[in-house]
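First comes the structure, then the notes that go with it.
Computed from the coordinates by the stated procedures, all read-outs in this text should not be read as laboratory data. A quick note: this is a predicted structure, and the numbers were derived from the prediction, not measured. So basically every Cβ, Gly included, is an ideal-geometry build from the backbone, and we count neighbours across all protein chains shown.
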Amino acid sequence: MPRYLPKSIVCLREGYTRATLVSDLLAGLTVGVIALPLAIAFGIASIPEAVASSSGISPPALGLITAVVAGFLISALGGSRVQIGGPTGAFIVIIYHVAQEFGYDGLLLTTLMAGVIVIIMGLARFGSMIKFIPYPVTTGFTSGIAIIIAVAQVKDFLGLQMGSVPAEFIPKIQAYTQNILSVQWPTVAVGMGSLLLMMASRRWVPRLPAAIFTVIVAAVVVWVFKLPVDTISSRFGAIPHSFPMPSLPEISWSRIQELVPSATTVALLIAIESLLSAVVADGMTGRRHKADCELVGQGVANIASALFGGLPATGAIARTAANIKNGARTPLSGIIHAVTLLLCMLVAASWAEKIPLTTLAAILFMVAWNMSELDHFRYLLRAPASDRAVLLTTFGLTVFMDLTVAVGVGMILASLLFMKRMSELSGVAPVGNGGEEGDEERPDPNAIQSRQVPPGVEVYEINGPFFFGVADRLKDILRGMEQTPKVFILRVRSVPYIDASGMHALEEFYEKCHRQNTTLLLSGVHAHLLFMFAKSGFDRVIGEQNMLGNIDSALNRAREILGLLPQAPPAQHQPEVARER
């Protein structure tokens, strides 16, 4: 199917030139070098030391395996031309908690389940629906994750001599405070130097791969001066020089049930971040990605990552941007990036083992800063109170509670506030002879004040979607009137949609009118409402003669019921068919 045809095949069909190959080769090699320290840092930050030692795994190797396997498949099977995939900072928090609670096998099964969920999302064409996640929710949990990532690096950055770090935010701060006197100043010096070197290189030499340059300089300094600073090998041992064989994690029904919430959260993060990255890439290249194909590719990549013992992966915005800036044109650049990392793992692992952990902490500080979206956060703090509430709630729950809870509560709160806004925009209001309709710039040719409303007739209008948030307003209208009208005209010309609650409220209102000997007329009934009325059977209840296309027909029908003569419509009248306001 064209919808799920990977961009790699699309690009090959378009023709592949020597110039394109050179561009992709240079971009892939550059991004592969950039991704090397990031993959190692994400692997170390994602796995608790106790889990790593009990499982006999190498966290740096997990980051590299993920970048190789998932990075290759995301580029080969995805729906974006220049997307770079791999482990990202957004996953560190949830991966750490899953590994700590369910162990390494539980993490692998979570990753596999998340991959399956993302494939289902792609096949169900959810790609276009991810954009409906409110911006305050994504900003809130992204900024919260940035805070958690930064705080988690304090131990390695300062070289604190302490046991395992608590997973929760407040206990973590307390543990740091209790052990602050154990700070190792050589470690702090290397960490601060690494941080300043990255900041300076990004400012003055932006084309230089700042992260890889920094780890090389830091490793050389520590080795030459024999500084007492923890490195990858001193903490985690040697990085494996071989690639693992695929295998299935332990799978059981009870295990699947307890991992569903975590897998769902990981799947949502995969989908959101990958499509956000693809949108950024589209803006930089002028191309368009295939969202559903991208989700399927991401899902397959995560299943494969789990089979090889890796971590969850998604599109990486910073690496994707670097790929584009270095001349990438097709998915081959992402494939070359993965091959570059594989060669580094097989050939240069012994060199990578010398990287100081405080330097990797400095790299993650930069990642956290870039993720924090401080400008966007400040902007949303000036937004309406409802958006601020969603932002701060999601942010606070991410930092102090749990990412799964934060995303869920944020979405629910945003949905409730949206419904409240819609109910405020929609409403049921009287439009009598003194009513104001239209404006000076756009006068309403069908305004009721230009018509003569017979005595005994009341005219009300519903504006906006008629859904459950508005339905209750219709029920007490007749009760509030001093005198029950003979005819009640309800204008529905500005109702684009009516849900089951609105339909039920309309039926109850008809029954109430019927009991009080009031004839209910509907004015401005357009095609969509006719379809809904016919589907529910309401057209047979109210009668087709009482569903009119415009206000003039409705007023003449009211005159007929009252035994009065009909009147011709004003000269300026227009047909009413789903009029937009």
Checklist outcome for this item: Listing F377, F531, F466, F395 by rising number of other beta-carbon atoms within 10 angstrom, fewest first, gives F531, F377, F395, F466
Item to check | Computed over the stretch 135-238, Cα set: Rg, Dmax in Å | outcome: 16.0, 48
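By per-residue mean of other Cβ atoms within 10 Å, what is the highest-first order of 196-206, 63-73?
63-73, 196-206
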Checklist entry - Fully extended, how many nm does the chain gain between W223 and M129 (0.36 nm per residue separation, minus their Cα-Cα distance)? => result 28.7 nm
Checklist entry - Can you give the Kirkwood hydrodynamic radius of the stretch 245-295 from its Cα pairs, in Å with one decimal? => result 13.4 Å
Item to check | Coarse-grained scattering of the stretch 27-109 at q = 0.22, 0.26 Å⁻¹, given as base-10 log I(q)/I(0) from a Debye sum over alpha-carbon atoms | outcome: -1.01, -1.24
Item to check | Percent antiparallel among DSSP beta bridges (both partners in the chain, rounded to 5) | outcome: 35 percent
Checklist entry - What is the distance, in nm, between label points placed 7 Å from the Cα along the Cα-to-Cβ direction at A238 and at L5? => result 4.8 nm
Checklist outcome for this item: Listing H241, H97 by rising number of other beta-carbon atoms within 10 angstrom, fewest first, gives H241, H97
Item to check | Calculated over the chain: convex hull of Cα atoms, volume per residue (Å³) | outcome: 207 Å³
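If packing is taken as the mean number of other Cβ atoms within 10 Å per residue, what is the order of 215-225, 316-326, 252-262, highest first?
316-326, 215-225, 252-262
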Checklist outcome for this item: The answer for L521, listing residues at least 5 apart or on another chain whose modeled amide H is closer than 5 Å to its amide H, is F488, I489, L490
Checklist entry - To two decimal places, what compactness ratio does the stretch 149-200 give when its Cα radius of gyration is scaled by 2.2 N^0.38 Å? => result 1.19
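Would you compute, from DSSP H runs of 4+ residues alone, the mean residue ellipticity of the chain at 222 nm, taking -39500 (n - 2.57) per run and dividing by the full residue count, rounded to the nearest 500? Show your work: numbers first, answer last.
Working: 25 runs with 360 residues, N = 581.
Helices in the chain give a 222 nm mean residue ellipticity of -20000 deg cm²/dmol.
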Checklist entry - Using r as the Cβ-Cβ distance of L565 and F418, and R0 as 41 Å, what FRET efficiency do you calculate, to the nearest 0.05? => result 0.30
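Using Cβ counts within 10 Å as a stand-in for footprinting exposure, how do E507, E544 rank, fewest first?
Ascending number of Cβ neighbours within 10 Å: E544, E507.
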Checklist entry - Over the alpha carbons of the stretch 489-530, what is the largest minus smallest coordinate on each principal axis, giving the biggest first in Å? => result 29, 20, 13
Item to check | Cross-link pairs K325/K354; K155/K226; K420/K535; K172/K420 - those with Cα-Cα distance over 32 Å | outcome: K172/K420
